[in-house]
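Undergrad: Take this structure first; my questions come after.
The values are calculated or read from the model by the stated rules, or taken from the named source; none is laboratory data. Computed from a predicted structure; not experimentally measured. Cβ: placed from backbone, ideal geometry, glycine included. Neighbour counts: every protein chain shown. What goes into the accessible areas is simple: the full protein's heavy atoms, side chains included, and nothing from ligands, DNA or RNA. Shrake-Rupley method; radii C 1.70, N 1.55, O 1.52, S 1.80 Å.
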Amino acid sequence: QVLKFDAYFQEEVAMSAEEHYRIRQVGIYYYLEDDSMCVIEPKVKNSGLVQGKLMRRHRVPKNEQGDYYHWKDLNVGIDLTMYGRTYRLVSCDSFTKVFLESQGIEVNPPEEMVSDPYTERRQTPVQKPNVPAGPDPFRQFLTYDTKVLRFYAIWDDTSCAFGDHHPCVIHYFLADDTVEVREVHRRNDGRDPFPVLMRRQRLPKVFVDKNKNFPSCVLEITDQEVQEWYSPKDFAVGKSITLLGRTFLIYDCDKFTQDFYREKYGITDFQPVDVNKKPTEKAPQVIPPYNGFGIPEDSLQNCLSLFPKPPRKDIIKMLENNLKILRYQVALESPVPEDKNRRFILSYFLSDDTIGIYEPPVRNSGIPGGKYLKRTKVTKPGSTPENPIYYEPSDFTIGSTIEVFGHRFVITDADEYVLNYLERNAESFPAATLQSIRDHFHPRQVVVETASSGFPRKDLDDLIVEVQKELKLHHEPFNTRKFHEAFHHFDTEGSGFLDKTRFLNVCDRFHVPTSTILLKKVRWKGCCACG
């Protein structure tokens, strides 16, 4: 046996502009066997609400003292509060009414069930506005089908970032007064090939006055919101027209469009507007100053191209002068005492006019030696980065000073290949350069000629054998390298000759035996290389 009451409760709706509260109709069931209750709301399809059993069957507490609701507390026309929600009991079924009256309870008269105002408004049929009769669209379609007005326009988008002038074609379809805008793409214009800029649609010209605070920009435009649509009379050559926020300048139209306007509107002026952009004056390219990194030709490529390429090389010159290297011995000009005895090998590569400097390692000198300057071009002092002047073979003379990136080197010696190369190509070099190298090699040639002409080869070989025998009889170890260095050290003029006094001093320093027989055979102005 179950008592059933029809009730409703009011639910607040916060986030809605169309309703502030909602009426929900429910059924309250009371089970006499265990005094339990439950609340069930009939399900409505597509209501968007969680409906069905709103409260499960159980004994419902009445107050904080621990009392529970009893069937004696239920009647029609009262407010029943359960778990913070107030229900209005408006009616009951016949069994419930007979049961309550049999228990001596007077049942109140039933009330009218309150309906939801939003649901009633949705169920009310919408009255269609009486639209005044206009032109027959079917007749317009039959008359102007396949007839399209074509205008050539320019969309100026330069006000935006990375904007440009976009050539477009505006199509006006006379059959249904719709407008389509297509963008004209050129080859390699850098834009995605989307042909349609605005799809075919009716475009509003004047809107009806409306509340500006209401966000209607995201909603679809209806006929009630538009006061006037675009028509053919709004398009003309030389006129600017704004379509959906974009301004187009119409500069020409096709022949059919001209005939249509001439017959219907009497317009005869269709002079095209010149929209060709004037060629901009090319700004002169200013080369920034040289920053000191790399060679100027290589650094210049970063200013001429986004992806720099190495500077062009003279392939013919590289092939003709491949493996041709001029070597010079240079000394470092430096106030540091440790740098006075340092010697370097300067190599000039004729294939690409580059210079490399190498320092031969010397034991116990405290300087590791090795590569001193990577192979690169070296500019002369006083040359500008805009017009660099590089060192050439004609600049290398004996005793001349070469400045390499702030370091000064003095040329003290040269390879014999330098003399041979300059003599073979004497017409390509100054006479002073060639004469300097010849003067430097002249003492050596005199020594060779003196040794070969004044002393027979057989006697020279016998003398060398006797000297080697005397050195073998000498029990102390003999350092040949240091002996040669001592000869070069005392030969300050580089002539290749030593006098008698210096020769004896060198022999005494290294404990070399000098017998009387050998001294008679040796010429005191002999070649130091023979020792």
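Undergrad: Would you check if there is a residue in the range 347-356 being on the phi < 0 side of the Ramachandran plot, open to solvent by less than 100 Å² (accessible area, probe 1.4 Å), charged (D, E, K, R) and more than 26 Å from the chain's Cα centre (by Cα)?
TA: yes
Undergrad: Checking Gly52 against (1) open to solvent by less than 20 Å² (accessible area, probe 1.4 Å); (2) at pLDDT 95 or above, which single condition isn't satisfied?
TA: (2)
Undergrad: Among the residues that make up the range 74-82, is at least one of them without any contact (Cβ under 8 Å) to a residue 24 or more places away in the chain, part of a strand (DSSP E or B) and crowded, with 16+ Cβ neighbours inside 10 Å?
TA: No, because not a single residue in the range 74-82 is without any contact (Cβ under 8 Å) to a residue 24 or more places away in the chain, part of a strand (DSSP E or B) and crowded, with 16+ Cβ neighbours inside 10 Å.
Undergrad: Say whether the condition of being in a loop (DSSP other than H, G, I, E, B), hydrophobic (A, V, I, L, M, F, W, C) and surrounded by 11 or more Cβ atoms within 10 Å (Cβ to Cβ) is met by at least one residue in the range 87-101.
TA: Looking through the range 87-101, none of the residues is in a loop (DSSP other than H, G, I, E, B), hydrophobic (A, V, I, L, M, F, W, C) and surrounded by 11 or more Cβ atoms within 10 Å (Cβ to Cβ).
Undergrad: Testing Asn425 on (1) modelled with pLDDT of 90 or more; (2) open to solvent by 60 Å² or more (accessible area, probe 1.4 Å); (3) over 30 Å from Val336 (Cα atoms), one condition comes back false. Which one is that?
TA: Here Asn425 clears every test but (2).
Undergrad: Right, next: Identify all residues within the range 147-161 that are among the charged types (D, E, K, R) and surrounded by 14 or more Cβ atoms within 10 Å (Cβ to Cβ); write none if there are none.
TA: Arg150, Asp156, Asp157
Okay, residues lined up against (1) farther than 30 Å from Arg150 by Cα; (2) in contact (Cβ under 8 Å) with a residue 60 or more places away in the chain:
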site: Lys255; (1), (2): no, no
site: Val275; (1), (2): no, yes
site: Leu304; (1), (2): yes, no
site: Pro308; (1), (2): yes, no
site: Arg312; (1), (2): yes, no
site: Phe344; (1), (2): yes, yes
site: Tyr348; (1), (2): yes, no
site: Pro360; (1), (2): yes, no
